[in-house]
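The values are calculated or read from the model by the stated rules, or taken from the named source; none is laboratory data. Here the structure is a predicted model, which means the values were calculated and not measured. Heads up, the Cβs are rebuilt from the backbone with ideal geometry, glycines too, and the neighbour counts pull from every protein chain shown.
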Amino acid sequence: MKNLITIVFLVLSFNSFSQEIEIKSIKLDSLIWKKINEYRISKHVKPFNIFEDSLMRDYANTVANRNIKIFPTQHSNDLGYYSNSECLYTVRANYSFNWPKVSNYITNEDFEFLAEGAVHAWIHSSTHEHQISRPDIDVATIVSILIVNWDDKYIRFDSTFQGLSNHTNATFDNTYVYPR
């Protein structure tokens, strides 16, 4: 409820100055993480143990914040320090026809359509599917950014997946590992 009130306040206040707002939601990030785990289980791959919320998440946040400003998005140059698996997803869509339904989903924090879209795209890309299905990945995080243009009925949605293998030397200098 607190998030909904915040979104409504932002919509009302930003609409008077600007037509776009940026939404970051741990609820959305966690939903994508959960859907990836469901997919992993369906492939008989052990689900991730941990939704990482410190160094790797900070790194994913840096990647996501850079990518939301550019198109096309770019993979990071520092892969190997905080994670060793990365997937990016971007969608830019105009919802002129379905805007009442889409705007209702966003306002009510019903992010199912965004989470489904990201995971579906990753599953249907062989390189991304390999990354989200790797059995050696124990820990993962997701950072998503949604930009909504209420006047133009347009969204831009970017999601960044970072995964970490717990094998020896999985990251440079083996400095970032989780105990099994």
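Looking only at segment 39-57, decide whether some residue is surrounded by 20 or more Cβ atoms within 10 Å (Cβ to Cβ), of a type in the set (A, V, I, L, M) and within 24 Å of Asp152 (Cβ to Cβ). Within segment 39-57, not a single residue is surrounded by 20 or more Cβ atoms within 10 Å (Cβ to Cβ), of a type in the set (A, V, I, L, M) and within 24 Å of Asp152 (Cβ to Cβ). Among residues of segment 28-40 that are over 19 Å from Ile106 (Cα atoms) and of a type in the set (Lys, Arg), those with a Cβ under 7 angstrom from a residue that is part of a helix (DSSP H, G or I) and modelled with pLDDT of 95 or more, sequence gap 6+ or separate chain, pair up as Arg40/Ser133. Regarding Leu88, is this residue buried (at least 18 other Cβ atoms within 10 Å of the Cβ), more than 22 Å from Lys153 (Cβ to Cβ) and in contact (Cβ under 8 Å) with a residue 24 or more places away in the chain? Yes. Are any of the residues in segment 75-85 over 20 Å from Glu129 (Cβ atoms), surrounded by fewer than 18 Cβ atoms within 10 Å (Cβ to Cβ) and modelled with pLDDT of 90 or more? The answer is no, given that none of the residues of segment 75-85 is over 20 Å from Glu129 (Cβ atoms), surrounded by fewer than 18 Cβ atoms within 10 Å (Cβ to Cβ) and modelled with pLDDT of 90 or more.
Residues that are among the acidic types (Asp, Glu) and in contact with a helix residue (DSSP H, G or I) (Cβ under 8 Å, 6 or more places away or on another chain), at least 1 per element: which helices (runs of 4 or more DSSP H) completely within segment 69-170 meet that? Spell out the reasoning first.
Values: elements: 99-107, 112-123, 126-133.
Filter on segment 69-170 gives 112-123, 126-133.
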